[in-house]
Structure formats: C-alpha cells, structure tokens
Amino acid sequence: MKLWTLDRRPAAVLLAVLVGLVAGCSGGAGSGNSPGDASSKAGQATAGAKPGGVLTMARPREPDSLDPIVPTDNESIYTMLLIYDQLVRVAKDGKSVEAGLAETWETSQDGKTFTFHLRQGVKFHNGDPVTVDDVIYSLNRVKSDKKSGWADMYADIDTIVAKDAATLVITTKRPYVPMLANLSMFAASIVPKKLGESGYDFNAKPVGSGPFVFDHWSKGTEIVLKKNPDYWQKGLPYLDEVRFLLVAEDNTRNLKLQAGEVDIAADVPFSSIAELKSNPDVTVKAEPLMRVDFITMNTTRKPFDDVKIRQAVNYAVDKDALIQAVLFGNGKPANTFLPPMLYHDDAAPGYKNDVAKAKELMTQSSQPNGFKTTLNIASGDSLQNQVAIIVKEQLAKIGIDVTIQQLESGVKRKAFRDLNYDLSYQLMTSDVIDPDELTMFGGASATRTFWTGYNNPKVDQLAKDGQAETDPAKRAQIYKEIQKILSDDAPYIYLYYVPAANVTSKRVQNFTPLLTGNYRLEEVQLSK
Amino acid sequence: MQTPQRIRVFPRLRISGQWNLYAGLAVVGMMLFLSLLAPWISPYDPVQNALSVALKAPSAAHWLGTDNFGRDIFTRVIYAARLDLQIGLIAAAVPMVIGVALGALAGYFGGWLDVIVMRIVDVTVSIPFLVLILSLMAILSQRVGSGLSSMYIAVFLAGWTAYARIIRAEVLVQKQQEYVLACKVLGYGHARIIFRHILRNAITPAIVFAMSDIVMCILLASSLSFLGLGVKPPTPEWGAMAAEGRNFMLQAWWITTMPGLAIGVTGLGFSLIGDGLADRIDQGD
Amino acid sequence: MDYTSYLGKRLAQLVPVLLGLTVVVFLMIHSIPGNTADALLGDKGTPENVARLTQQLGLDRPLPVQYLYFVKNLVSGDLGQSYRYGQPVQALLAARLGPTLFLTLYAVGLSVLISLPLSILAAVRQNRWPDLAVRTLSLGGFVMPSYWVALMLMLLFSIKLRILPLSGYGRSIPDHFRYLLLPAFTIAVAQAPVLIRPLRAKILATLRADFVMTAWAKGVPASRVMLAHVLRNSLISTITILGVNIGWMLGGAVIVETVFSVPGLGSLLIEAITKRDYPVVQGLTLCMAAMVMCMNLITDLVYTVLDPRVDYGK
C-alpha cells in the first residue's frame, strides 16, 4: 500500500467488488484468461487512434526507488508496474487477478498450495529469458532480503519450488487467502536472478519484462521509458515512449495540460475539476480509488492516549465541510479505515459532525480545558494545507489549539514512522484487491497500527483469522468487526475517500486508472 | 543588499524641493496606519475561515475579493503589512548596526581587523545573496527550526557586509579630515572619536542604502515565504498569500495579485524616502 | 605592468577569497547536527555500517584534517554524495548547469535589449515625460517581487494568450529560447532598472562631451552620433554593471527557475533544501560562488580590453 502518496482510483464500483471475494481466495482452477494477443483485449485500436507516439505525463513527485522491494510511494509503484511483470496482476475491474507471467494457476482445496504455470518465451529487457529460477529468486528476495520493506506480506510463504521448468509451487503453513492478491503486487515483481545475485542496483537501471523499458531518469526532472518491442502481449504497447515529468506545483500540472504541453496531468487540484469538465479539449478522469485519507493520532503521547479525546476530535471535524471546501464535492466521508473495496462496511456509522457531543467528550476527558498540539503536513501539498487550516479552526471550537507544521515529505514520513509527532496527515491506498494489505497496515500492530502506536491484540488476531478464513461470508464478518473496533477506538481522525483526479488531453485514448491507482499505459493510444 | 545599489525614482525637481521624501513618508505612513489599525478598519478576521463566501471577486463587501477559505483579502493584506514591515525594518536595522560598527572599526583602526572584516566581506559577496541566505537557513533550520527565526539569523549573519563596506569607505575618507586630527590632539578616546564624531559624518550613505535595503528585505522575506521556507500559512504574509493563490490563478486572480501590489506600494514608499534623503544630502554638500 | 602580469595579479587576489569560501562552506555544513554516514546510509544504517563509513569518510578525524580532506576532494572535483539520490553531487550539478547558464545569459541579453533603448530615450528626452515614464517603469521592476512578476507574465502569456509555454526547458535550442523567454524576461525586468540609471547618466555625459558636439557640429546625422559614440561608451559600463550583478541574477534565477520549473541549479537548490540534502546544498553554494568569481574576473578582463584607457598598473 502506499501510504503516503496521492493516488486516485475508482471505487464507485464497490457493490461489484463484493462479488469479487472470489478473487483472492477460493480454490479451484485459476482464471486462465491469458491476454496473449492484444487485439482480443481491451486495447483494441480505437477509431482515429494509431500506434506510436510519445506520451508525456506530469506527476507531482518522483519515485523514491525503482527497486521493487524497496519503495512505498505511489509514483514508484505506478512506474514499476510498467517496467516489471508479476506472476499475476490486478484485473481492470478491480475485483480479481488475471494472468501475468503465470498463464494459469490452481489453488489446492485446503488453501495451502498454489501452483503456477509460467508463460513461456518471455524475455527480460536485457534479452535473457524469464525462467522459473528468476521467479523463485525474486519471490525469495522480497520475502527475506534485508532491504525489503514488504517481507511481512510474504512471511506466510513456507516453500517456493520449481516442479519443472514451467511450473512453480508455493506452499504455506496455514490457509492463506490473500496469496494471489499479494503476488500481484509490485513488490513481487520478477527480476533477473543473474543480475540480482551480482549485486545489481535495480533502482539505478531497472530490468524487468514489462511493457516498457527503462531509458533514463534525470533526477528532479523526468523519467523516460521506451517501448518494449518483445513484450509478451503481442501488439502492445502502442506508444513508442513515455515521459514522466516532475511538476511539483499542483496548478502548474493542470495549466500545462490545458496549454497542451503534457498529455496527462496527475493529481490535479479538485478546485479546478468543475472548470476542467467544461473544457472541451480535455477529459477529466475522476474515478474511484481504493484510498482513505486520515489524520493519524499518536496514541503513545498525551493526550491522544485518551480514547475520549480521539473520539471528540472525530466528532469535531466536519468531513462534509472538508469535502465541499477542499474536494469541491468530489469525495465521500470516511466511515471506516478501509476504503470502498472488498468487505468495506458501507453501513458503519462513522463520526458525523457533532460539536456538542465533542465538547461533552472533552469535558469527560483527561484534558477538559483543551490543549495545544501540532499537525504535520507535507510542505507544498495544497490539499493537506487546506485541510489543515480548516481542521485547525474546527478543533479550536472544542478548545484544541493546533499548530500546523509543514515538513518535507521525507522528513514528515520519518517523524511519522519514529512516532515523533502529535497529529499527521496520512493516507493509504490499496495495491491489491484484498483488504488484507490495508488491514495489516492500518489495523494490525505490525506497523504499530499505521504508526499511531495503537495496539490491540484482538485486532491482530482477527487480522490473522481473516487471512486464513476461506469462507467469504465469515471473512466479511471478520473484517466488519475489525472496522468497528478501529472506528470505536479511533486512532485516526477519519477524513474522506477521494477519487482519482487525472486529466488527459483529448488525443489520449484508453487511459483508465485501475482501482489500485496505477495505469496501464501499454494500452494507451494517441489519436492523430 | 549584496551589491550596494539603489534606484533613483524621479529626478530631482528643483521647484518642488523635498516632495519625494514627503510622498514616500505619506505612503509608508499610510501602510503603517492601515496595519496598526487593521482590527478597527476591517470587520473581518484575517485567519478565520468563512467558506460560504469563498473565491468571491472584489466587491463592495470585499474590496479585494476573498480567497479559497472565504477570508477577506484586504483584511489579510493589511494584517500582513504588520509582519512584512516588521521584517523589513528589523532585517535592515540589525545588520545595519552590526555593519556600521564593524565597518567603522575596520576603517578606523585598519590592520588585522580590517583584513579580517574585509576578507569576510569578500567571501560573503562572492556568494549570491539569496543562495547564501538559503544555505544558512537550511543549516539553521536544524537548530532553531525553520521559518522566521532562521531567516532572521541568516540575514543578521550575512546582511551586515554591505553596510560595512559603505561605512568603511566613508571612514577611510573621514579619518584624514582635520577634525579627527584635532580630536586626537585633544586626547579623545577612540570610541568617542569614532562613534560621536566620525560616524556623524559617515552615516548618511548607509541610511540612504538602508531605505532600499528595507525594500529588499521585504522582497526577500516574501520570496522565502512564497517558496514555503519563511512564514507559514495561515499567518497572513504577502509572499505566503501569493503562493496560496497560485492554485486559483484561473478562477481568482486577485488572491495572488493583491499581495504583490501591496509589496509594490510599500516598496515605492521606501524608495521615495531614499530618494528624498539622497537629495537632501546632495544639497547639503 | 603588462597584461599578463595583471592577469596573474588578479588571479592571485582570488586565492584568499577561494580559501575563505571553502572554510565558510565547510564550517556551515559541519555545524549541522547529525551524522553524515547515518544520513548517507538511510535505512541501511546499522551501527557497524555507520562506523565503517564514518571511518572511510574520515569523519572521526580532527576538524582541520577533515577540512584538508574536503579541499583535496574538491580539487579533484569530488563534491560528495547526495543523500537523496546516492549519486555524486558533481554529476547532479553538471546535469543542471546548462539550463541555468542558458537562462542567465538569455536574461543578460534581454536586460541589455531593454535597458539600452530606454536609457537612450530617457537621456535624449531628459526630464520630459518619456524620461519620467522610464523611471517609473524601472521603479516597478525594482520593487515588484520576481515571483509575482513571473506569475503575472505566466497568467498573461501562457494562460490567457497561450502564446508561450507555461514551464519547463524544452529539448532543442529553439525550444530553449521559447521556454525560457518568460523566465529570462522576469530576471531582466528586475535587472534593467539597475542598468538604466547609470546608463542614462553615462549617455547624458557622452551627449555633452566635446567629441559628440563636434560630430554634431560637423553635420553627422544625429542617429549616427548616437550609434558611433554613445553606444560604444555605454556598452562598457553595461558590462561592468552586469559583471558586478551576476550574483544578483543567479539569486533571481533561484526563484524564477522554481516558478517556471526550469531544471537548473536554482530549482535544484530549493529541492535540496526542502529534502535536507546538505551535500547538494554545499556543492551548489560553492558552484554558484565560483560562477560569480569567474564572471567578475571575465568582466574585469573584458573591460581592460574594451577600454584601453584603463591603466591596469594599479
């Protein structure tokens, strides 16, 4: 998941998502829909579009790292998903996984053995063939390399072995439902064993087997990817070249798009969406996203160790006002720590704005006369800045004096992870279709409950149970309970679920960010 | 500040005497008046949100419009004047005191003191002033926190050099004058000679320079805030306000435009005062 | 004294300043709390790793020894490693030098193009309305913040009129000229007032000088008088003033590059400061100071060539 990054994705489809429980889990033969030929897939040539061309996309930040096992930020993730392949990948509907380097797969009845049949004839960008050994190496790497930031998600894997040159078998000690979802993650990208073992720096020059080949990264300026002519989906990608421009200033991305200097502007300010929608030259892609924004409270510090105070601030913050003023109506109040996705509890009450109740809770709390505190936000992020200013004022009504502290995002993240803060604006997005990832990050104590310091053994146990429960109905119940506990104990000020805000010029065809926020640029075409 | 330089605004019009001095004083006085009496002049709060009136164009109710939080821009501009004028004055005055003292001592005594001071001046001048301030602030922010305090210290550390150069040159001339020799004969102490006699005659160029220095300090502070390194929102400050308005340039140009105009008016005022003072000195000669 | 020994002397004068500069920059960075080895290693900073790197970098040596290391590395072109990117600082600077040089020279060109005609106009129509108009404009250029001028130009030319690119650097030389027009103009607007005042005075003096009067009296057309004499004289002072102000312009480039997203040294400085990438801040400070010194030196030398009246014996 990416924790600190802006992303956008489509979530509206949630009803449908419920159906999708099947995705990660149930036994039986895997979906074998192998997109061996592009013409059979969504990427059919759109009328008026033609292959080739250079696509320029303006993004607000540059990646932290392009080594699959390292980063947690969305720019890294979305870039890597274009360069590397995984065994399986998130399907466009956001409800299931589909074939990647594995053409087909089976899950045993007990949910503990996963067998993958590898696609043959795929080559890495350096010309070497992708072998079962590369896959084993890559999965072991994310599982146990010291640099890996994602080892926890693969810790349940017991053995990874090659049955033959085209078959891989993964076993777990207990039933592990999120397995396929986790294997679709960027962290489980397949890299060449030969390079990896020689100490190769995948961040400096990534080598994968994905649709685009890394060309160069001018630090602080741009990243350029070139078409992979040997990509296993014949006919894709359409584009010759992709350029990711770093344009940090929010409005400049928007303006550059309108001026025709870029083809896609990522994360445009919500203030401009209404106006952009009326502009005939551009297309606004404000689609649902598996993302939740909140302000984390450091429960290891006074006074946020007091649950009454945490509930009081939740009642004091008016989410609807935030959505109107900052998101210009594009968003929904967050009612649980899970964004709209599989097992999200739509019926959970959340915290409706209620200043009287907030005041009452304050008088019962350890700080009946209010207190001073500090809210960390990322400098230069206009969304966080505006939210902070409004939250400051709303909390002042119940006697809390908030100082807004702007920190460079790396510095802010360090303070966050060191639990060296009072309040911090954070967000999570899911990289997978299964709620396990966000639950392990935002509910369980492995991350000190998303660095709030909140620690609840009951939630930890439920999260474990959720991973092993193969009955979808029971599983839904488990995640519902986790959401309820976290809502009542409120280690977060729940803010909202926001959609993606990508805007493209009219010549961009087929640009459709997934619910996970990434974009399959291999399917994008430019019209003449 | 880096290079002593100033712009003469209007030619000396012999007919009207000191009109530019008075006009400058009037402009600066008006800014001071507005900023100090802001709570009585404006019915609005400079920080409080009023989301229902967000992004309104200039009108009778909101003379300069409102920003994305519904805050009245005119109110914020005049409250910001308090902070910006204060920054301009302090950031010019303290380096002036340091620079005048060091420059006078260096010029008067010469020798190793002069060598050290002038070497520091040489090094400081070789680094672009804004770059120097930014690097100093980057380091200071680790010790005193980012924002205003590190900006002040950086300016105090670097800004005095211009004054030292100006005063040293003047003192070198003055100390050859007969009255200084006379003082020495009378047995006056060095301190008395420097600070009561020489400085009285050497200080005027520094004062004239200080007027444009104030303008440059205000520009510096607002630029730093614009870059997110100075005053932080929601505190009203001209540069920070302009930066906040960037996201709304298309829908609400006034958010960014108005604070810039306020800086312009203030700068005009101080520049006119500087001209007037320079005229007065020229006439005196 | 001949020209070569003048050059030698001029270079010798730079030595103490250069030494002072390295000391100042070294001490500045050294005064930062925290461990360089720790920062470089980031997440990989186990105590053993930190200890090893500390030793490798000589961070356990006495301060003067560390300074000597620093100077030794500097002489061999090694400015250390960026905390953020893990790349050599000199490589990052080299990648960003081009746009800043282009922008600065472009701004110099534009400010001369703006200042010369305006100064001539003001001088010829001394104390009449064109003169006053030029002075008012200069004042505006002087007191308006450059980020504000940049945004207003952007609003007008890139957003409303859509005739110039909004931001960036472009990929070819003609592109650079287009992309950097507004950034360079923004710097020129701030620089022109500094040029106009002395130029106007200089032109007034030249116009009154005997040789111009003589030429005039001989019936040489006024325009030729202007070009032949006035321009040559004003160019010399222009170069001097610009040389002295190069630091000012580089400072302006920091803001302007940031507003217009020009991938130059100035925007790198702001990035490095917000990311607390101190080796890059240090390298940039040295680099920009070196640029200022070079420009001052070149200005001096050009000046002596252009104006043979300069006696470089002193």
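The values are calculated or read from the model by the stated rules, or taken from the named source; none is laboratory data. Just so we're clear, the structure is a prediction, and the values are computed from it rather than from any experiment. Here the Cβ positions follow ideal geometry from the backbone for every residue, glycine too, while neighbour counts run over all protein chains shown. Keep in mind that these areas ignore ligands, DNA and RNA; they rest on the heavy atoms of the full protein, side chains included. Shrake-Rupley method; radii C 1.70, N 1.55, O 1.52, S 1.80 Å.
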Virtual spin-label span in nm between A:Thr171 and B:Val173, 7 Å along Cα→Cβ: 9.5 nm
Gained length - B:Ile116 relative to B:Ile281, 0.36 nm times residue gap less alpha-carbon distance: 56.3 nm
Interface B:C - total buried accessible surface [probe 1.4 Å, Å², rounded to 100]: 4700 Å²
Ranked by how many other beta carbons lie within 10 Å on average, peptides C:107-116, A:181-190, A:105-114 from highest: A:181-190, C:107-116, A:105-114
Integer Hz, Karplus 6.51/-1.76/1.60 couplings in order for region A:444-456, x for Gly and Pro: 8, 8, 4, 9, 6, 6, 6, 6, 9, x, 5, 9, 9
Modelled label reach - A:Ser527, point 7 Å along Cα→Cβ, region A:256-279 residues with backbone N closer than 19 Å: A:257-265, A:276-279
Region B:86-104 residues near the modelled B:Phe33 label - backbone nitrogen below 19 Å, point 7 Å along Cα→Cβ: B:86
Listed residues A:Glu75, A:Glu481 arranged by accessible area, highest first, probe 1.4 Å: A:Glu481, A:Glu75
Other protein chain Cβ atoms within 10 Å, averaged over every residue that makes up C:184-196: 1
Straight-distance crosslink candidates among lysines, where the alpha carbon sits under 30 Å from B:Lys184 and sequence neighbours closer than 8 are dropped: B:Lys175
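Can you pull the percent of chain A's accessible area that's carbon plus sulfur, 1.4 Å probe, other chains left in place?
51 percent
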Dipole of region B:157-285, positive direction: furthest Cα of B:Phe248, B:Ala262, B:Leu219, with charges on the beta-carbon: B:Leu219
Sulfur and carbon atoms: percent of accessible area, chain C [1.4 Å]: 66 percent
Among C:Ser146, C:Gln13, C:Gln56 the positive-end extreme of the charge dipole of the protein assembly as shown (Cβ point charges): C:Gln13
Phi-based couplings in Hz for region C:274-287 (Karplus 6.51, -1.76, 1.60; Gly and Pro marked x): 5, 8, 6, 9, 5, x, 5, 4, 4, x, 5, 4, 4, 4
Mean ellipticity per residue at 222 nm, deg cm²/dmol - from DSSP H runs of n ≥ 4 across chain C, formula -39500 (n - 2.57): -24000 deg cm²/dmol
Packing-based ranking, highest mean first, of C:141-149, A:471-479 given that Cβ atoms within 10 Å are counted: C:141-149, A:471-479
Chain A - charge dipole about Cα centre, Lys and Arg +1 at Cβ, Asp and Glu -1, debye rounded to 20: 380 debye
Cut-off under 5 Å, modelled amide H: who pairs with A:Asp158 long-range: A:Thr171, A:Thr172, A:Lys173
Loop trypsin sites (Lys or Arg not before Pro), region A:297-335 (other Cβ atoms within 10 Å of the site Cβ: 16 or fewer; DSSP): A:Arg301
Long-range HN-HN contacts of A:Lys123 with modeled amide H, under 5 Å: A:Val130
In sequence order, calculated HN-Hα J values of region B:173-181 (Karplus, 6.51, -1.76, 1.60; Hz; x Gly/Pro): 6, 4, 6, 8, 6, 5, 5, 5, 4
Test item: Cα-centred dipole of the protein assembly as shown, Lys/Arg +1 and Asp/Glu -1 on Cβ, debye: 3140 debye
Helical mean residue ellipticity (222 nm; -39500 (n - 2.57) per DSSP H run of 4+; nearest 500) of chain B: -23000 deg cm²/dmol
Residues with amide H under 5 Å from that of A:Asp73, placed H, sequence gap 5 or more: A:Asp64
Distance (nanometres) between label positions extended 7 Å along Cα→Cβ at A:Asp471 and B:Leu25: 9.1 nm
Loss of accessible area when B meets A, both sides summed, Å² nearest 100, probe 1.4 Å: 1600 Å²
Highest-MSF residue in chain C out of C:Gly266, C:Gly170, C:Gly247 [GNM, Cα springs under 10 Å]: C:Gly170
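Please compare each pair in A:Lys92/A:Lys143; A:Lys193/A:Lys227; A:Lys163/A:Lys234 to a cut-off of 25 Å on the Cα-Cα distance and tell me which ones are over it.
A:Lys92/A:Lys143; A:Lys163/A:Lys234
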Cβ-derived FRET efficiency at R0 25 Å, A:Glu197 paired with A:Val161, nearest 0.05: 0.85
Shielding by other protein chains, C:247-258, mean Cβ within 10 Å: 5
Selection of trypsin sites (Lys or Arg not before Pro), region A:117-159, meeting DSSP coil and at most 16 other Cβ within 10 Å: A:Lys146, A:Lys147
The protein assembly as shown - accessible surface per residue (Å², probe 1.4 Å): 38 Å²
Cα-centred dipole magnitude for chain C, charges only on beta-carbon of K, R (+1) and D, E (-1), debye, nearest 20: 1080 debye
Helix-only CD estimate at 222 nm, as mean residue ellipticity for chain A, using -39500 (n - 2.57) per DSSP H run (n ≥ 4): -8000 deg cm²/dmol
Fraction of antiparallel bridges per DSSP, the protein assembly as shown only, in percent to nearest 5: 75 percent
Length gained when the stretch B:Arg200-B:Ile90 is fully extended (0.36 nm per residue, less Cα-Cα span): 37.4 nm
Highest average packing first - A:507-515, B:26-34, Cβ atoms within 10 Å: A:507-515, B:26-34
Bridge type composition, chain A - antiparallel percent by DSSP, nearest 5: 75 percent
Rough spin-label spacing in nm, given labels placed 7 Å along Cα→Cβ, for A:Asn369 and A:Thr104: 7.4 nm
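To the nearest whole number, what is the average tally of beta carbon atoms from other chains within 10 Å of the beta carbons of peptide C:290-301? Provide the component values of the computation, followed by the final result.
Values: counts 2, 2, 6, 3, 0, 0, 2, 0, 0, 0, 0, 0.
Going residue by residue through C:290-301 and averaging, the value is 1.
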Dipole axis of region B:12-282 (+1 Lys, Arg; -1 Asp, Glu on Cβ), positive-most option in B:Val173, B:Trp63, B:Leu134: B:Val173
Carbon and sulfur %, accessible surface of region B:136-243 computed with the full protein complex present, 1.4 Å: 59 percent
